[in-house]
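Notes follow the structure.
The values are calculated or read from the model by the stated rules, or taken from the named source; none is laboratory data. The structure presented is a predicted model; accordingly, all values stated were derived computationally and were not measured. Positions of Cβ are generated from backbone atoms using ideal geometry, with glycine treated the same way; all protein chains shown enter the neighbour counts. Ligands, DNA and RNA are stripped out before the accessible areas are found, and what is left, the full protein with its side chains, is counted by its heavy atoms. Shrake-Rupley method; radii C 1.70, N 1.55, O 1.52, S 1.80 Å.
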Amino acid sequence: MKKSKKKIIYYTLILITAIIMCIPLFKNGIHTGDDGDFHISRALGTLEQIRNGNSPLVISRFSNNLGFGWNLFYPPISTYSIVLFTFLTNNVVIGMKIFLIFTFILSGISMFKLVNTLTENDKISLISSILYLIAPYRMLNVYNRVAVGEILGFVFIPIVLRGIYLIFKGKTEKSYLYVLGTIGLILSHNISTLITFFIGLALVLTNFKKLKDKKILKTLIFSTIIIILSVLFFEIPLLEQKSSADYEVFRYGKMYSRGSVFIHALHPWQLLSSHTSGIDNGMYFCIGLPILICLLTYILVKKYIPLEYKSFYKFFAILGIVTTIMSTALFPWFLLPDILLMIQFPWRLLSVIILCFSIIGGINLGILIDLIISKIKNRKNIKLLTIPFLILYILSCLYSLNFVKNLDFKDVDNSYYSEKEIIDTNYKVSRYSSFLEYWPQKAIDSIDYVANHDNKILILSGNAIISNENKKNGILTFEINNVSENTTLELPFLFYKGYVVKYKSYDSDEISIIKCNESEHGLVQINLDTNVNGYFEVSYHATKLHKICICISSITFISYLIYILYKK
């Protein structure tokens, strides 16, 4: 059989496995789990902003119509992917389901390509890809947590590692895998990026001597510069917002603390079983029987592992063992610096654990199959060998699907995510505004005031006559006159840097911009002079720095794509 036809068969099997794992998505409705409602509503809100011709960075009807800066803080790929599928289907729930299906398929392919690069063995690559797809932690993220950023991480992490591996192998012409994979990962999930950074660093350190090769060193430096410039449009505006006000997401203790990280570390038994006595088993963190069984076959094949596999086999085995220990309470998380505590939950390291052990398990089982075949002389018996492995494959898929068999699927559509928002001021949570983590801290401190705001302009000091006040789709217009000295207005918007207050006098057609700042309640505030009489319009726009970064990132990325095509 020709190699290309074999590849088609392998990719077809990956596709079939991905579809089997997506069977629950073909039910009516959706299980929104921990984060599903947040991500679905964000996608629909973003699409609404685009359709209204307004900036998608702040979703105007969220947070009691005061505007919520979801897209200023959260990486964009998952959001805009779901937005695209929602636009095509006109149903945000179907859009989410299509997105989840694609992540399964693409992660299976990216894993296959990584292992194929490492081993140049299609059978091992297929087994590793299947193990990666059916791992219980994958099911947990997709169905129980609906953690779209981490789900995308499963797609990009293998691409990043494949790119770095090829660079150190001297195949610098493939460095675009490292570049595109890392850009995709950064724009998908910050914590997955942090975890992958340390994996990449470990790869660099184990290949440190190869940096003496100037071609490899130059390629790594050049590629990293391209990555940095390409993601400026997201990272720099994020830092700009951080410097403009105190936001809840950056407050120590909101997203993580030493105590909370340690509390969420796993009991070692949880990695082996989904039912642990004395522990809430609503979430399952087991590595999974298929992977564990494949790991145990090492006892049978350790003498037969090819010499050319030894280096990366050892690397992923050690990495898998280290991250397994780090995911548990056996590891001293309370001693680590804050940057590492950003992981929030040590069990997130399961994304690395299942990647490493899927590679190791795939190699073990692939070698075992070859050993069994070599002992069989009759060709007919070799064909019969496919039957027990087919049975094992089906049982493995059923094993993973068993974890999500009792989930409740609610029948919802766009209208469910367009209902009036209810902000729970006690638990600081809302279907549309998540856990209010992107609110200014001053707004959190004034949560009852903000949650019950009537969306009208408030005169904080001085006096003025306000007329024709109108707020629609996040754009506020009004007229003002008879302004006294030291007049300060609080406008009905949560404060984010980028709000533009335009003023046109009754006596002139010239438009001027009035500076705004944060009020004591975390809303937008402006100070007026006594000679102000005229029309006002307030709306959100990307800041000048943000626009510059967009230009730099766009030019860099497009130029790099042209460069890749030219080199090919």
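Identify the single condition in (1) part of a loop (DSSP other than H, G, I, E, B); (2) aliphatic (A, V, I, L, M); (3) open to solvent by less than 70 Å² (accessible area, probe 1.4 Å) that Ile422 does not satisfy, given that it satisfies every other one.
(3)
Does at least one position in region 461-473 carry a residue that is outside any loop (DSSP other than H, G, I, E, B), open to solvent by less than 80 Å² (accessible area, probe 1.4 Å), in contact with a helix residue (DSSP H, G or I) (Cβ under 9 Å, 6 or more places away or on another chain) and over 30 Å from Pro290 (Cβ atoms)?
Looking through region 461-473, at least one residue is outside any loop (DSSP other than H, G, I, E, B), open to solvent by less than 80 Å² (accessible area, probe 1.4 Å), in contact with a helix residue (DSSP H, G or I) (Cβ under 9 Å, 6 or more places away or on another chain) and over 30 Å from Pro290 (Cβ atoms).
Evaluate region 25-45: report whether one residue or more is at pLDDT 95 or above, assigned to a loop (DSSP other than H, G, I, E, B) and under 22 Å from the mean Cα position of the chain (by Cα).
Among the residues of region 25-45, not one is at pLDDT 95 or above, assigned to a loop (DSSP other than H, G, I, E, B) and under 22 Å from the mean Cα position of the chain (by Cα), which makes the answer no.
Checking the conditions here, which among Glu485, Glu520, Glu490 is among the acidic types (Asp, Glu), touching a residue at least 12 places away in the same chain (Cβ under 8 Å) and in a strand (DSSP E or B)?
Result: Glu490 is the single residue among Glu485, Glu520, Glu490 that is among the acidic types (Asp, Glu), touching a residue at least 12 places away in the same chain (Cβ under 8 Å) and in a strand (DSSP E or B).
Quick one: in region 493-511, of everything that is without any contact (Cβ under 8 Å) to a residue 60 or more places away in the chain and buried (at least 18 other Cβ atoms within 10 Å of the Cβ), which residue is farthest from Arg51 (Cα to Cα)? Step through it out loud before you land on a result.
Step one: list which residues in region 493-511 are without any contact (Cβ under 8 Å) to a residue 60 or more places away in the chain, which gives 499-511.
Now drop any that are not buried (at least 18 other Cβ atoms within 10 Å of the Cβ), which leaves 499, 501, 503.
Numbers: Tyr499: 20, Val501: 22, Tyr503: 26 Å.
Checked region 493-511; the qualifying residue farthest from Arg51 (Cα to Cα) is Tyr503.
Is it true that Tyr535 is at pLDDT 95 or above, within 36 Å of the chain's Cα centre (by Cα) and not small (Gly, Ala, Ser)?
Working: at pLDDT 95 or above: yes; within 36 Å of the chain's Cα centre (by Cα): no; not small (Gly, Ala, Ser): yes.
No.
What is the residue count in region 228-254 for residues that are surrounded by 19 or more Cβ atoms within 10 Å (Cβ to Cβ) and hydroxyl-bearing (Ser, Thr, Tyr)?
Residues flagged as surrounded by 19 or more Cβ atoms within 10 Å (Cβ to Cβ) and hydroxyl-bearing (Ser, Thr, Tyr) within region 228-254 amount to 2.
Working carefully through the options Gly163, Gly170, Gly181, Gly153, find the one that is over 21 Å from the mean Cα position of the chain (by Cα), under 28 Å from Met111 (Cβ atoms) and of a type outside the set (A, V, I, L, M, F, W, C).
When all the criteria are applied, what remains is Gly170.
Any residue that is of a type outside the set (Lys, Arg), open to solvent by 50 Å² or more (accessible area, probe 1.4 Å) and not in a helix (DSSP H, G or I) - is there at least one of those in region 363-382?
yes
Looking only at region 89-121, filter to residues that are under 14 Å from Tyr165 (Cα atoms) and free of Cβ contacts under 8 Å to residues at least 40 places away in the same chain; which one of those is nearest to the chain's Cα centre (by Cα)?
Only one residue tops the list, namely Asn116.
So, restricting to helices (runs of 4 or more DSSP H) that lie completely within region 90-209, which ones have at least 2 residues that are of a type outside the set (S, T, N, Q), open to solvent by 20 Å² or more (accessible area, probe 1.4 Å) and within 30 Å of Lys27 (Cα to Cα)?
Result: 92-119, 122-134.
In region 512-568, what residues are of a type in the set (Phe, Trp, Tyr) and crowded, with 17+ Cβ neighbours inside 10 Å?
Phe536, Tyr540, Phe557, Tyr560, listed by residue number.
Before we move on, is Ile475 modelled with pLDDT of 95 or more, hydrophobic (A, V, I, L, M, F, W, C) and within 17 Å of Phe68 (Cβ to Cβ)?
Answer is yes for this residue.
So, in region 258-270, of the ones that are touching a strand residue (DSSP E or B) at 6+ places or on another chain (Cβ under 7 Å) and not in a loop (DSSP other than H, G, I, E, B), which residue ends up least open to solvent (accessible area, probe 1.4 Å)?
Leu266
When you look at Leu350, is it touching a helix residue (DSSP H, G or I) at 6+ places or on another chain (Cβ under 9 Å) and open to solvent by less than 20 Å² (accessible area, probe 1.4 Å), yes or no?
In short, yes.
Within region 363-379, is even one residue closer than 23 Å to Leu401 by Cβ and touching a residue at least 12 places away in the same chain (Cβ under 8 Å)?
yes
For region 225-271: of the residues being in contact (Cβ under 8 Å) with a residue 24 or more places away in the chain and among the β-branched types (Val, Ile, Thr), which is nearest to Ile339 (Cα to Cα)?
The qualifying residue nearest to Ile339 (Cα to Cα) is Val261.
If a residue has to be in a loop (DSSP other than H, G, I, E, B) and either closer than 20 Å to Gly200 by Cβ or open to solvent by 20 Å² or more (accessible area, probe 1.4 Å) (or both) to count, how many in region 301-347 make the cut?
Of the residues in that region, 12 qualify.
For Leu15, indicate whether it is over 21 Å from Phe73 (Cβ atoms), in a helix (DSSP H, G or I) and among the aliphatic types (A, V, I, L, M).
Judged against the criteria, Leu15 is a match.
Kindly evaluate Tyr10 against the criterion of being in contact with an Asp or Glu (Cβ under 7 Å, 6 or more places away or on another chain), open to solvent by 30 Å² or more (accessible area, probe 1.4 Å), in contact (Cβ under 8 Å) with a residue 12 or more places away in the chain and assigned to a helix (DSSP H, G or I).
yes
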